[in-house]
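To start, the structure under review is shown below, and the notes come after it.
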Amino acid sequence: MIDPAPALAALTFNADGLVPAIAQQHDSGEVLMMAWMNRDAVTETLRTGRVCYFSRSRNTLWRKGETSGQQQRLVDFLIDCDGDTILLKVDQDGVACHTGRRNCFYTAARAEGLAEVAPVLISPDALYGK
(Lines give C-alpha, C1' and ligand atoms only; values in the text may rest on other atoms or scores of the structure.)
Protein backbone atom coordinates (compact mmCIF):
# COMPACT_ATOMS: atom_id res chain seq x y z
CA MET A 1 0.00 0.00 0.00
CA ILE A 2 1.30 3.42 -1.00
CA ASP A 3 0.02 6.69 0.44
CA PRO A 4 -1.51 8.45 -2.60
CA ALA A 5 -1.24 12.00 -1.18
CA PRO A 6 2.28 12.82 -2.48
CA ALA A 7 1.48 11.49 -5.97
CA LEU A 8 -1.82 13.37 -6.11
CA ALA A 9 -0.05 16.58 -5.09
CA ALA A 10 2.58 16.09 -7.82
CA LEU A 11 0.08 15.45 -10.63
CA THR A 12 -1.49 18.08 -12.87
CA PHE A 13 -4.95 16.94 -13.92
CA ASN A 14 -6.57 18.43 -17.05
CA ALA A 15 -9.76 20.50 -17.08
CA ASP A 16 -11.80 17.27 -16.93
CA GLY A 17 -9.90 16.12 -13.84
CA LEU A 18 -7.97 13.46 -15.77
CA VAL A 19 -4.35 12.58 -16.45
CA PRO A 20 -3.12 10.17 -19.16
CA ALA A 21 -1.61 6.92 -17.92
CA ILE A 22 0.58 4.67 -20.04
CA ALA A 23 0.78 1.03 -19.00
CA GLN A 24 4.05 -0.77 -19.71
CA GLN A 25 4.91 -4.40 -18.97
CA HIS A 26 7.49 -4.08 -16.20
CA ASP A 27 9.92 -6.80 -17.30
CA SER A 28 9.85 -6.56 -21.10
CA GLY A 29 9.27 -2.83 -21.59
CA GLU A 30 6.34 -3.54 -23.94
CA VAL A 31 3.92 -0.59 -24.07
CA LEU A 32 0.51 -2.11 -23.48
CA MET A 33 -2.03 0.69 -23.51
CA MET A 34 -2.93 4.26 -22.67
CA ALA A 35 -5.95 5.19 -20.57
CA TRP A 36 -7.06 7.98 -18.25
CA MET A 37 -6.97 8.25 -14.48
CA ASN A 38 -8.76 10.65 -12.16
CA ARG A 39 -7.90 11.26 -8.50
CA ASP A 40 -10.00 8.30 -7.34
CA ALA A 41 -8.33 5.93 -9.86
CA VAL A 42 -4.86 7.06 -8.75
CA THR A 43 -5.84 6.62 -5.10
CA GLU A 44 -7.30 3.14 -5.60
CA THR A 45 -4.34 2.01 -7.71
CA LEU A 46 -1.77 3.10 -5.13
CA ARG A 47 -3.74 1.77 -2.16
CA THR A 48 -4.58 -1.64 -3.64
CA GLY A 49 -1.76 -2.33 -6.11
CA ARG A 50 -4.34 -3.30 -8.73
CA VAL A 51 -4.56 -0.81 -11.60
CA CYS A 52 -7.75 1.21 -11.87
CA TYR A 53 -8.55 3.71 -14.61
CA PHE A 54 -11.37 6.16 -15.31
CA SER A 55 -13.68 5.27 -18.19
CA ARG A 56 -14.67 8.43 -20.05
CA SER A 57 -17.37 6.60 -22.01
CA ARG A 58 -19.01 5.14 -18.88
CA ASN A 59 -18.06 8.08 -16.60
CA THR A 60 -16.97 5.71 -13.84
CA LEU A 61 -13.95 3.92 -12.43
CA TRP A 62 -12.72 1.02 -14.54
CA ARG A 63 -10.83 -1.68 -12.70
CA LYS A 64 -8.66 -3.31 -15.35
CA GLY A 65 -9.63 -6.96 -15.69
CA GLU A 66 -12.84 -6.63 -13.70
CA THR A 67 -14.92 -8.28 -16.43
CA SER A 68 -12.23 -9.91 -18.61
CA GLY A 69 -9.95 -11.28 -15.89
CA GLN A 70 -6.99 -9.62 -17.66
CA GLN A 71 -5.94 -7.51 -14.68
CA GLN A 72 -2.85 -5.39 -14.17
CA ARG A 73 -0.86 -5.44 -10.95
CA LEU A 74 1.15 -2.31 -10.20
CA VAL A 75 4.92 -2.73 -10.04
CA ASP A 76 5.93 0.95 -10.22
CA PHE A 77 4.09 4.27 -10.49
CA LEU A 78 6.11 6.97 -12.27
CA ILE A 79 5.23 10.62 -12.89
CA ASP A 80 6.80 12.55 -15.76
CA CYS A 81 8.79 15.77 -15.34
CA ASP A 82 5.75 18.01 -15.97
CA GLY A 83 3.49 16.04 -13.65
CA ASP A 84 0.95 15.58 -16.44
CA THR A 85 1.49 11.96 -17.47
CA ILE A 86 1.77 8.73 -15.51
CA LEU A 87 3.81 5.69 -16.50
CA LEU A 88 2.50 2.54 -14.85
CA LYS A 89 4.90 -0.37 -14.85
CA VAL A 90 2.61 -3.36 -14.50
CA ASP A 91 2.43 -7.11 -14.49
CA GLN A 92 -0.27 -7.81 -17.08
CA ASP A 93 -2.35 -10.99 -16.96
CA GLY A 94 -2.99 -12.13 -20.53
CA VAL A 95 -3.98 -9.48 -23.05
CA ALA A 96 -4.28 -5.76 -22.35
CA CYS A 97 -6.47 -4.75 -25.30
CA HIS A 98 -10.23 -5.22 -25.48
CA THR A 99 -9.72 -6.52 -29.05
CA GLY A 100 -7.95 -9.59 -27.64
CA ARG A 101 -4.46 -8.47 -28.61
CA ARG A 102 -1.55 -8.30 -26.17
CA ASN A 103 -1.38 -4.49 -26.49
CA CYS A 104 -3.47 -1.71 -27.97
CA PHE A 105 -0.80 -0.54 -30.43
CA TYR A 106 -1.41 -2.96 -33.30
CA THR A 107 -2.14 -0.59 -36.20
CA ALA A 108 0.97 0.56 -38.05
CA ALA A 109 1.27 3.30 -40.68
CA ARG A 110 3.08 1.88 -43.71
CA ALA A 111 3.86 3.22 -47.19
CA GLU A 112 1.00 1.10 -48.57
CA GLY A 113 -1.43 2.24 -45.85
CA LEU A 114 -2.43 1.00 -42.43
CA ALA A 115 -1.57 -2.53 -41.41
CA GLU A 116 -2.50 -4.65 -38.40
CA VAL A 117 0.78 -5.94 -36.97
CA ALA A 118 -0.36 -8.01 -34.00
CA PRO A 119 -2.63 -11.04 -33.93
CA VAL A 120 -5.79 -11.49 -31.90
CA LEU A 121 -4.79 -13.89 -29.12
CA ILE A 122 -8.24 -14.36 -27.60
CA SER A 123 -11.60 -13.42 -29.04
CA PRO A 124 -13.36 -10.47 -27.42
CA ASP A 125 -16.42 -12.70 -27.00
CA ALA A 126 -14.35 -15.10 -24.90
CA LEU A 127 -12.93 -12.18 -22.87
CA TYR A 128 -16.26 -10.60 -22.05
CA GLY A 129 -18.60 -13.59 -22.14
CA LYS A 130 -20.76 -12.40 -25.01
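The values are calculated or read from the model by the stated rules, or taken from the named source; none is laboratory data. Source: prediction; values computed, not measured. Ideal geometry is used to build each Cβ from the backbone, glycine not excepted, and the neighbour counts take in all protein chains shown. The accessibility values were calculated without ligands, DNA or RNA, using every heavy atom of the protein model including side chains. Shrake-Rupley method; radii C 1.70, N 1.55, O 1.52, S 1.80 Å.
Some points to look at:
- Most fluctuating residue given options Ala23, Ala115, Ala41, as computed from a GNM of the chain linking Cα atoms under 10 Å: Ala115
- Accessible area of region 1-103 belonging to carbon and sulfur atoms, whole % at 1.4 Å probe: 49
- Measuring with a 1.4 angstrom probe and ignoring ligands and nucleic acids, Phe77 comes out at about 30 Å² accessible.
- 1.4 Å probe accessible area per residue over the chain, in Å²: 56
- Other-chain or far-sequence residues with amide H under 5 Å of Leu32's (modelled H): Ala23, Gln24, Gln25
- Over all projection directions, the Cα-based convex hull of the chain averages an area of 9.2 nm².
- Between Asp76 and Leu121, the FRET efficiency estimated from the beta carbon spacing at R0 = 30 angstrom works out to 0.75.
- Expected 222 nm ellipticity per residue - DSSP helices of 4 or more, -39500 (n - 2.57), all of the chain, to 500: -4000 deg cm²/dmol
- Principal-axis tilt of helix 39-48 within the chain, Cα atoms, nearest 10 degrees: 90
- Whole-Å distance, taken between Cα centres, linking region 3-39 and region 87-130: 20
- Cα gyration tensor category, rounded, prolate or oblate, for region 64-114 with a/c compared to 1.5: oblate
- Charge sum, other residues only, whose C-beta stays under 9 Å from Leu87's C-beta, Lys/Arg counted +1 and Asp/Glu -1: -1
- The 3J(HN,Hα) values that the Karplus relation (6.51, -1.76, 1.60; θ = phi - 60°) gives for region 22-28 are, in residue order, 9, 9, 10, 5, 4, 9, 9 Hz. Gly and Pro appear as x.
- Surface listing: Cys81, Cys52 arranged by accessible area from highest to lowest gives Cys81, Cys52, probe 1.4 Å.
- Pairwise FRET efficiency - Tyr106 versus Arg50, Cβ, R0 = 30 Å, nearest 0.05: 0.75
- For region 1-69: rounded, prolate or oblate by the Cα gyration tensor [a/c cutoff 1.5]: rounded
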